Amino acid sequence: MAVDVSKLQLPGDLTLKQAQMVLEAALADAVAQGVPMNIAVVDAGANLKAFARQDGAFIGSVDISIKKAKTARFFNMTTRQLGAASLPDGPLYGIEVSNDGVIIFAGGVPLKNKDGVIVGAIGVSGGTIDEDERCADAGAAILLK
């Protein structure tokens, strides 16, 4: 018996096709930057939906990229924004120890659809935080086209 998967997909969630589009756009940016990256895409429930580790990307950055994506989804903001709010004088100081550890430096970006609904997040690790964030932004931008 065939299952109609469209009835299993929750409204406002990231589809596999969308996750793959995000991943491909981010990979293209990583290649353009010349920096091997780990790129993780999570759905609206912060579950891993797509992942790539480019040849030569740091092994230790696998976990970081996934946690950046999850962090961006958990808090519906970029990890750069969360980091700024978690400084010692900030309102979220100490948040990095919540949720079994979250990442509070740049490279995690919420994914929004054309209607502005957050449907997931992307996390990138392997370069500087600015390189990571640029790559994540490139991936996120594809859903807005």
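The values are calculated or read from the model by the stated rules, or taken from the named source; none is laboratory data. The shown structure was predicted, so the numbers you read here are calculated from the model rather than taken from an experiment. Please note: Cβ atoms are built from the backbone with ideal geometry, for glycine as well, and neighbour counts cover all protein chains shown. For the accessible areas, the whole protein counts, side chains as well, though only heavy atoms, and no ligand, DNA or RNA atoms are used. Shrake-Rupley method; radii C 1.70, N 1.55, O 1.52, S 1.80 Å.
Can you grab the distance from the C-alpha centre of region 4-70 to the C-alpha centre of region 98-133, Å, no decimals?
10 Å
With mean projected area of the Cα convex hull in nm² as the read-out, I listed [x] 8.7; [y] 9.7; [z] 10.3; which label goes with the value calculated from this structure?
Given [x] 8.7; [y] 9.7; [z] 10.3, the calculated one carries the label [y].
Which of the listed residues, Ala85, Ile103, Ala26, is farthest toward the dipole's positive end in the chain, when Lys, Arg count +1 and Asp, Glu count -1 at the beta-carbon?
Projecting each Cα onto the dipole axis, the largest value belongs to Ala26.
Using a Förster distance of 25 angstrom, determine the FRET efficiency expected from the C-beta separation of Ala84 and Thr128, and round it to 0.05.
Values: r = 17 Å, r/R0 = 0.69.
My answer for the efficiency is 0.90.
Based solely on its DSSP helices, what 222 nm [θ] is calculated for the chain when runs of n ≥ 4 H residues each add -39,500 (n - 2.57) and the sum is averaged over all residues, nearest 500 deg cm²/dmol?
Theoretical 222 nm ellipticity from helices: -11500 deg cm²/dmol.
Determine the gain in length on full extension of the stretch Val3-Gln20; use 0.36 nm per residue of separation and subtract their C-alpha separation, reporting nm with one decimal.
Taking Val3 through Gln20 to full extension adds about 3.9 nm, to one decimal.
By accessible area of protein heavy atoms, probe 1.4 Å, what ranking do Phe105, Phe75, Phe58 get, highest first?
Correct descending sequence by accessible area is Phe58, Phe105, Phe75.
Springs between alpha-carbon pairs under 10 angstrom, Gaussian network model over the chain: which of Gly123, Gly34, Gly83 fluctuates most?
Evaluated over the chain, the most mobile residue of the options is Gly34.
Quick check: with the 1.4 Å probe, what order do Met1, Met21, Met37, Met77 take by accessible area, largest first?
Solvent-accessible surface, decreasing: Met1, Met21, Met77, Met37.
Where does the charge balance sit around Val109 when Lys and Arg score +1, Asp and Glu -1, over other residues with C-beta under 14 Å from its C-beta?
+1
Can you give the charge dipole size of the chain about its Cα centre, rounded to the nearest 20 debye, using +1 on the beta carbon of Lys and Arg and -1 on the beta carbon of Asp and Glu? Don't skip to the end; give the middle numbers.
Numbers: 13 positive and 16 negative charges, 74 e Å.
The dipole of the chain has a size of about 360 debye.
Can you figure out the FRET efficiency of Phe58 with Glu96, using R₀ = 22 Å and their beta-carbon distance, to the nearest 0.05?
0.65
Test of understanding: what is the full-extension gain from Leu144 to Asn113, defined as 0.36 nm times their sequence separation minus their Cα-Cα distance?
10.6 nm
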